[in-house]
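Here is the structure we will look at, set down as structure tokens.
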Amino acid sequence: MELRNINTCINCENLIRGFVCQKHNQKVEITNFCESHAYRESITENSSCSNCTHFGVTSCSNPEEASSAMICFDWQKKN
């Protein structure tokens, strides 16, 4: 069996907080996709707040809940 990745809004660089597509300025669903999809590294089993760019800074959308055991859809890989 061959496993493949799929392109949906969940792994698009245009997805921002609140499931809004910043390119189309439209609320999207987790299963949506479009012709403007721009792949970004998505959340993996190793992702957590502790390796997120936003962890511990003002850009964190969930500062009260953020911890090394948590993850949210605003996760971005720390450089």
Spherically averaged projected area of the chain from its Cα convex hull (nm²):
6.4 nm²
For residue 64, placing the label point 7 angstrom along Cα-to-beta-carbon and taking region 17-52, residues whose amide nitrogen sits under 17 Å are none
To the nearest 20 debye, what is the magnitude of the charge dipole of the chain about its Cα centre, counting +1 on the Cβ of each Lys and Arg and -1 on the Cβ of each Asp and Glu?
180 debye
Relative contact order for the chain, counting Cα pairs under 8 Å that sit 6 or more residues apart, in percent
27 percent
What is the list of residues in region 17-41 whose amide nitrogen lies under 18 Å from a point 7 angstrom out from the Cα of residue 3, following Cα to Cβ?
41
With a cut-off of 8 Å between alpha carbons and a minimum separation of six or more residues, what is the relative contact order of region 38-79 in percent?
50 percent
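Taken together, the values in this text are just the output of simple stated rules run on the coordinates, not laboratory data. In this text, all values refer to a predicted model and were calculated from it rather than measured experimentally. Virtual Cβ from ideal backbone geometry, glycine too; neighbours counted across all protein chains shown.
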